[in-house]
Amino acid sequence: MITSVLWDVDGTLLDFAAAERAAILSLFEAFGLGTCTDVMLARYSEINVGFWKRLERNELTRDQVLKGRFEQFFSEYGLDTGIVEAFNDQYQLRLGDTIVFRDDSLDIVRSLHGRVRQYAVSNGTVAAQTKKLKRSGLDAWMDGVFLSETLGVEKPNIGFFEKVFAQIHPEDLSQVMIVGDSLTSDMQGGINAGIRTCWYNPDGKEAGASYSLDYVIADLHEVEDCLDAER
């Protein structure tokens with residue numbers, strides 16, 4: 001029986017793309033950088049994903065990711081790289097200004113409260129995730145929040161999960177399930193840690209043979225079916 005659910009935040013409980021778009025557009029205006037087109041936004045997103053994946057592989061530090069993605073983006077479009085640090089600082093806060101739930105995630109988390117213990121697990125920054133969880137109201141229904149910036153190790157590294165387990169004290173790892181949209185971060189992390197994996201895959205992507213997943217869902221409402229299956 002699943003007794004603990006580890007929820008990824010960005011792209012799972014909350015629509016990260018919507019928050020990212022709103023934050024970038026507002027900051028282009030605030031810093032007087034002109035128009036940020038859809039093509040530019042798509043390119044930034046591509047750069048950003050690439051940098052975070054390198055962090056997951058321990059190829060970069062967190063600081064190198066946070067600054068490096070904007071340095072590359074600004075350089076490609078001829079923008080002043082001297083404002084990168086200030087831009088990133090504001091970006092972390094602006095990410096929490098736009099809250100868009102995925103699949104009624106707040107209601108789902110609320111409905112599971114008391115049935116299972118629920119924890120937010122994220123590689124996002126403390127500044128961004130703390131604001132998002134508070135403004136969304138999700139923090140009120142979580143039994144704990146674990147952020148890699150605080151723990152000092154990123155998903156999918158097993159060290160991240162070991163630090164989580166040291167605080168939540170699961171009776172058996174088979175009673176813990178991670179729900180997330182990222183194969184390389186959430187699902188690989190769950191596999192590394194030896195817990196149940198539930199891939200949130202609303203776009204119907206292919207996982208590939210290298211991933212042995214317990215559940216694949218297209219809608220977060222299906223999480224309850226996964227819990228029922230483990231009874």
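Pull out all pairs, ordered by first then second residue, where Cβ-Cβ is under 7 Å, the residues are six or more apart or on different chains, the first lies in the stretch 212-231 and is within 16 Å of Leu173 (Cα to Cα), and the second is open to solvent by less than 50 Å² (accessible area, probe 1.4 Å) and in a loop (DSSP other than H, G, I, E, B).
Pairs found: Leu213/Ala207; Leu227/Ile2; Glu230/Ile2.
In the stretch 1-35, what residues are surrounded by fewer than 19 Cβ atoms within 10 Å (Cβ to Cβ) and in a loop (DSSP other than H, G, I, E, B)?
Selection gives Met1, Thr3, Gly11, Asp15, Phe31, Gly32, Leu33, Gly34, Thr35.
In the stretch 134-156, what residues are assigned to a helix (DSSP H, G or I), farther than 12 Å from Trp7 by Cα and not charged (D, E, K, R)? Full working, then the answer.
As a first pass, look at the stretch 134-156 and keep what is assigned to a helix (DSSP H, G or I): 134-136, 138-141, 148-151.
From what is left, the residues that are farther than 12 Å from Trp7 by Cα are 134-136, 140, 148-151.
Residues satisfying the conditions are Ser136, Ala140, Ser148, Thr150, Leu151.
Name the pairs: first residue in the stretch 190-209 and within 21 Å of Arg102 (Cα to Cα) and among the hydrophobic types (A, V, I, L, M, F, W, C), second residue open to solvent by 70 Å² or more (accessible area, probe 1.4 Å) and at pLDDT 95 or above, Cβ to Cβ under 8 Å, at least 6 apart or on different chains?
From residues that are within 21 Å of Arg102 (Cα to Cα) and among the hydrophobic types (A, V, I, L, M, F, W, C), the pairs are Cys198/Asp214; Cys198/Val216; Trp199/Val216; Ala207/Val216.
Across the stretch 176-213, what is the total count of residues that are open to solvent by less than 40 Å² (accessible area, probe 1.4 Å) and part of a helix (DSSP H, G or I)?
Total meeting the criteria: 7.
With the requirement that a residue be open to solvent by 50 Å² or more (accessible area, probe 1.4 Å) and outside any helix (DSSP H, G or I), what does the stretch 36-47 give you? Explain how you work it out, then say what you get.
Taking the stretch 36-47 first, the residues open to solvent by 50 Å² or more (accessible area, probe 1.4 Å) are 37-39, 42-43, 46.
Within the stretch 36-47, Thr37 is the sole residue that qualifies.
Can you name every residue in the stretch 106-128 that is open to solvent by less than 50 Å² (accessible area, probe 1.4 Å) and more than 14 Å from the chain's Cα centre (by Cα)?
Leu106, Ile108, Val109, Leu112, Val116, Gln118
Test Arg135 against the stated conditions and say whether it is modelled with pLDDT under 95 and of a type in the set (Lys, Arg). Spell out the reasoning first.
Values: modelled with pLDDT under 95: no; of a type in the set (Lys, Arg): yes.
Judged against the criteria, Arg135 is not a match.
Mind listing whichever residues of the stretch 92-101 are in a loop (DSSP other than H, G, I, E, B) and either open to solvent by less than 10 Å² (accessible area, probe 1.4 Å) or touching a helix residue (DSSP H, G or I) at 6+ places or on another chain (Cβ under 6 Å) (or both)? Please lay out each step first, then the result.
Of the stretch 92-101, the ones in a loop (DSSP other than H, G, I, E, B) are 95-100.
Of everything in the stretch 92-101, those that are in a loop (DSSP other than H, G, I, E, B) and either open to solvent by less than 10 Å² (accessible area, probe 1.4 Å) or touching a helix residue (DSSP H, G or I) at 6+ places or on another chain (Cβ under 6 Å) (or both) turn out to be Leu95, Gly96, Thr98, Ile99, Val100.
In the set Gly68, Gly50, Gly82, which member is assigned to a helix (DSSP H, G or I), without any contact (Cβ under 8 Å) to a residue 40 or more places away in the chain, small (Gly, Ala, Ser) and open to solvent by 40 Å² or more (accessible area, probe 1.4 Å)? Give the steps one after another, and end with the answer.
Details: Gly68 fails: open to solvent by 40 Å² or more (accessible area, probe 1.4 Å); Gly50 fails: open to solvent by 40 Å² or more (accessible area, probe 1.4 Å).
Unique residue meeting the criteria: Gly82.
Among residues belonging to the stretch 129-172 that are polar (S, T, N, Q) and open to solvent by 50 Å² or more (accessible area, probe 1.4 Å), point out the one that is farthest from Asp97 (Cα to Cα).
In this case the residue turns out to be Gln167.
The values are calculated or read from the model by the stated rules, or taken from the named source; none is laboratory data. This structure is a prediction, so every number in the text was calculated from the model and none was measured. Glycine also receives a Cβ, built like all others from the backbone with ideal geometry; neighbour counts cover every protein chain displayed. Accessible surface areas use protein heavy atoms only, side chains included; no ligands, DNA or RNA. Shrake-Rupley method; radii C 1.70, N 1.55, O 1.52, S 1.80 Å.
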